[in-house]
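The values are calculated or read from the model by the stated rules, or taken from the named source; none is laboratory data. Here the structure is a predicted model, which is why all the values come from computation and not from measurement. Neighbour counts are summed over all protein chains in view; Cβ atoms, including those assigned to glycine, are modelled from backbone coordinates with ideal geometry.
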Protein chains: 2
Amino acid sequence: MILAGVSLLAACAPTPDRPSVDASIDPLPSWKEGAARTAIVDFVAAVTDPSSPGFVPEPERIAVFDNDGTLWSEQPVYFQLAFAVDRVRALAPEHPEWKDQQPFKAALEGDLATLGAGGHHAILELVAETHSGLTTDEFAAVVSDWLATARHPRFDRPYTDLVFKPMLELLAYLRESSFKTYIVSGGGVDFMRVFAERVYGIPAEQVVGSMGDLAYEVRDGEPVLVKRPGVFFIDDGPGKPVGIARFVGRRPIAAFGNSDGDFQMLEWSTSGSGPRLGLYVHHDDAEREWAYDRESSIGRLDRGLDQAPSRGWTVVSMRDDWKRVYPWQSS
Amino acid sequence: MILAGVSLLAACAPTPDRPSVDASIDPLPSWKEGAARTAIVDFVAAVTDPSSPGFVPEPERIAVFDNDGTLWSEQPVYFQLAFAVDRVRALAPEHPEWKDQQPFKAALEGDLATLGAGGHHAILELVAETHSGLTTDEFAAVVSDWLATARHPRFDRPYTDLVFKPMLELLAYLRESSFKTYIVSGGGVDFMRVFAERVYGIPAEQVVGSMGDLAYEVRDGEPVLVKRPGVFFIDDGPGKPVGIARFVGRRPIAAFGNSDGDFQMLEWSTSGSGPRLGLYVHHDDAEREWAYDRESSIGRLDRGLDQAPSRGWTVVSMRDDWKRVYPWQSS
């Protein structure tokens, strides 16, 4: 049972101030012993132990996670782009003009390189254009159907199977330690909220993302919220701390990302006083997942790799620090 | 202890599915017996009783509250306008040009009617203009200082003393019944978050409001979020359901307001399936608070009064339904 990110364990501890995680159960079974795992466990111990100088009261235990490349994979294209392209194809018979009109033409021709180069902004625009006029409920149903039927091209599995088991354990470990866990992603918020609770245990109200325009209307006496073309907010790069300020209203004490688009979120979260945890997932595992960093157009990690050591951020090697990547892979 | 709106009582009940409020303790001691109180208690009973056809799982128990005129008073002017005017006066020596420049001129001359006519949008602009360049932390300190020193002209008390005791009881009652309580207000979010947790028990991340522009900067190596002139989002009228969709991502099952600016929020919240509660606080108590409705420029309640009966919304008479208004008044 998801109780707004507060675990029964923590809430019901007879002495609420003592650390609430049972030390006899390994909270991170998919993490190998090493510096990354130690950094996480030491951080959680410091902020949850009331006798520690770094103790942080529960309401201030805010942890923010990027989604694409941090909680699930993002290759060969952002999964929301795969969704957008499938939608353009499904709707194309009603829109013969799309054959000659960008970005629809690129989508119909499978020119993912062109589409992907525009990043989350381009994807959000494509989704907004193709779904303008749908209500938020109708859009959620479309996403839900796609997630139930679409298959990832490399693994021939639903996209939601490509979540990282070690990160699911980390989310649960933080929640058991009375953290509130948030997604703060460049992806579309209406897209992510469809699966965030089921897949990550993160309720809709703890998902911050990019947003298109939205209008309130009364249709045949029934009020609806209708998606409109146009972009309202891009939650990427310096937009991430801005999004956190607007939607969360507190500075996080822990931040998790995988690309330079997460740099400012890590910078903002780890610059406050007291113990802070900044962590990058480094995609260096071509065999089990993918290997890419400084030169990639998707999830480029360059400045972050350079500056992580001097800023005290942890860099996780998927290859060396994780016993397994996906929940269905054997360790 | 505020645990993200989840009460210890509810989370720790040995059988989590049974109603969690102790029936021997009156949760609403400042509410007189009558239709309004009965509507509230019956609604909470219906959604928390697992044997009721109207039972609502805990994550879906979202309740939204307007702030000005619903949780605290809003006369003779919105309290945030009083703050803005005091700030213009305090900063005026550094800005001789304000003497001839609107809206600063009106603020310096105490022309509150002119200023107030622009509603929350005008206040937000005035605050943004006067605080542009301040970091969010600096602005919070300014608000905190003002709340500690400013006195309401009629009651000669801090503005935060002018909260409605019956509504504080209602907030607590809903939280004990495993609701998540939100503020959804036309007021500025950076203003309200300074006192919402202390005064209402509502954490920063559950305050939705109007927002000015915000920029992420690194100043002397320290990252900061800086307030900018310009309005990003007005959380009023049809903006309230839009704000709820963006910031909460779920449709509330209960909504509380006092003006036509809350109409769409009540409409949206009460149009879903299952038990719903829409409630208007009617300011009809000139003796203990104020009396105003259809003709008022502040907190006008006209369309809402007309349509409440046909929509099944409860209208609370402050005079007849509340034993007392403010916490410091005897009942």
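Data for the structure
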{"item": "Condition met for A:SER210 (part of a helix (DSSP H, G or I), of a type in the set (Gly, Ala, Ser) and within 12 Å of chain B (Cβ to nearest Cβ))", "result": "no"}
{"item": "Candidates A:ALA150, A:ALA117, filtered to the one that is surrounded by fewer than 19 Cβ atoms within 10 Å (Cβ to Cβ), at pLDDT 95 or above, aliphatic (A, V, I, L, M) and out of contact with any Gly (no Cβ under 8 Å at 6 or more places or on another chain)", "result": "A:ALA150"}
{"item": "Qualifying residue in region B:149-159 (condition: touching a strand residue (DSSP E or B) at 6+ places or on another chain (Cβ under 9 Å) and of a type in the set (Lys, Arg))", "result": "no"}
{"item": "Among the candidates A:ALA107, A:ALA128, A:ALA63, A:ALA46, residue that is in a strand (DSSP E or B) and either crowded, with 16+ Cβ neighbours inside 10 Å or in contact with a strand residue (DSSP E or B) (Cβ under 6 Å, 6 or more places away or on another chain) (or both)", "result": "A:ALA63"}
{"item": "Odd one out for B:GLN264, checked against (1) more than 30 Å from A:MET265 (Cβ to Cβ); (2) more than 8 Å from chain A (Cβ to nearest Cβ); (3) at pLDDT 95 or above", "result": "(2)"}
{"item": "Members of region A:85-104 found to be closer than 20 Å to A:GLY187 by Cα and either in contact with an Asp or Glu (Cβ under 6 Å, 6 or more places away or on another chain) or surrounded by fewer than 17 Cβ atoms within 10 Å (Cβ to Cβ) (or both), listed by number", "result": "A:ASP86"}
{"item": "Top-ranked residue in region A:216-227 [being surrounded by 14 or more Cβ atoms within 10 Å (Cβ to Cβ) and not aromatic (Phe, Trp, Tyr); ranked as farthest from B:ARG246 (Cα to Cα)]", "result": "A:PRO223"}
{"item": "Answer from A:TYR182, A:TYR216 - the residue that is in a strand (DSSP E or B), facing chain B (nearest Cβ under 8 Å) and either touching a strand residue (DSSP E or B) at 6+ places or on another chain (Cβ under 7 Å) or over 24 Å from B:THR181 (Cβ atoms) (or both)", "result": "A:TYR216"}
{"item": "Yes/no for A:THR160 being among the polar types (S, T, N, Q) and within 14 Å of chain B (Cβ to nearest Cβ)", "result": "no"}
{"item": "Scope region B:221-231; condition part of a strand (DSSP E or B) and either more than 17 Å from B:ALA128 (Cβ to Cβ) or facing chain A (nearest Cβ under 8 Å) (or both); matching residues", "result": "B:GLU222, B:PRO223, B:LEU225"}
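Conditions (1) under 30 Å from A:PHE139 (Cα atoms); (2) within 14 Å of another protein chain (Cβ to nearest Cβ); (3) within 24 Å of the chain's Cα centre (by Cα), marked per residue:
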{"position": "A:ILE25", "(1), (2), (3)": "no, no, no"}
{"position": "A:ARG37", "(1), (2), (3)": "no, no, yes"}
{"position": "A:PHE43", "(1), (2), (3)": "no, no, yes"}
{"position": "A:ASP49", "(1), (2), (3)": "no, no, no"}
{"position": "A:ALA63", "(1), (2), (3)": "yes, yes, yes"}
{"position": "A:PRO76", "(1), (2), (3)": "yes, no, yes"}
{"position": "A:PHE83", "(1), (2), (3)": "yes, no, yes"}
{"position": "A:TRP98", "(1), (2), (3)": "yes, no, no"}
